[in-house]
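The values are calculated or read from the model by the stated rules, or taken from the named source; none is laboratory data. Note that the coordinates shown come from a computational prediction; the quantities given were computed from them, not determined experimentally. Here the Cβ positions follow ideal geometry from the backbone for every residue, glycine too, while neighbour counts run over all protein chains shown. Just so you know, the surface numbers come from the protein's heavy atoms only, side chains and all, with ligands and any DNA or RNA stripped out. Shrake-Rupley method; radii C 1.70, N 1.55, O 1.52, S 1.80 Å.
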Amino acid sequence: MLVSHANSPLNSNPPAPSANVLPRSQADVNQASQTANNAANTKGHQHQDTVTISATALTLSAKSPSAADISSTENKNSAMASTENAPIAKPELPNDGDKASAYVEYRKAKVQYQIYADMANVATGNSNNISPVTAHYLSNNDQARAATVDIKAQQQQVATMQTYAATTSAINNKDSL
């Protein structure tokens, strides 16, 4: 089946615009619409739509960007892209980080106390256990490690002497009986 559209409005040439001037008021819009309708009626069966433009659209179209505006917009976009690649500044703590620095100082003091308490317990022989913080401290501090080893060696010698004294006193007591 073959359909011809020779006389349809789809194949008709639209009328050429008379000028590229935009109307600036509602009266101008009405006049342009009537002129377009008259031109369509005189040519026969042509179909033409009418378009009305609001005052806001007229204002915006009057302020259409020029080539200079487009290039300045491109420069702004390239400047924004370059700032996106720039390193991000470290955020500042509120109140100059007073609470955060106080908390850090508290944690440091707590860890230091734990180390001193463990060292005192090792030195007096009250406990043979140390915390992970103290173990880390001893692994990174040669003088503290040497002092701990010396104290443990001295404690071992004292323990050995006490065992010898107890054993010899038990042997001496058997002999005397």
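Tabulated results
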{"read-out": "Residue-span extension gain [residue 128 to residue 92] - 0.36 nm each, minus C-alpha spacing", "value": "8.5 nm"}
{"read-out": "For residue 131, solvent-accessible area (1.4 Å; no DNA, RNA or ligand), Å²", "value": "20 Å²"}
{"read-out": "Area accessible to solvent at residue 161, 1.4 Å probe radius, in Å²", "value": "130 Å²"}
{"read-out": "Surface accessible to a 1.4 Å probe, per residue, for the residues of the range 95-177, Å²", "value": "80 Å²"}
{"read-out": "Segment residue 117-residue 174, extension gain: residue separation times 0.36 nm, minus the distance between their alpha carbons", "value": "16.2 nm"}
{"read-out": "Projected label distance in nm at residue 136 and residue 156, using a 7 Å step from Cα toward the beta-carbon", "value": "2.8 nm"}
{"read-out": "q = 0.26 Å⁻¹: log10 I(q)/I(0) that the Debye formula gives for the range 88-141, counting C-alpha atoms only", "value": "-0.97"}
{"read-out": "Pairs of alpha carbons in the range 95-177 whose separation is greater than 22 Å (percent)", "value": "50 percent"}
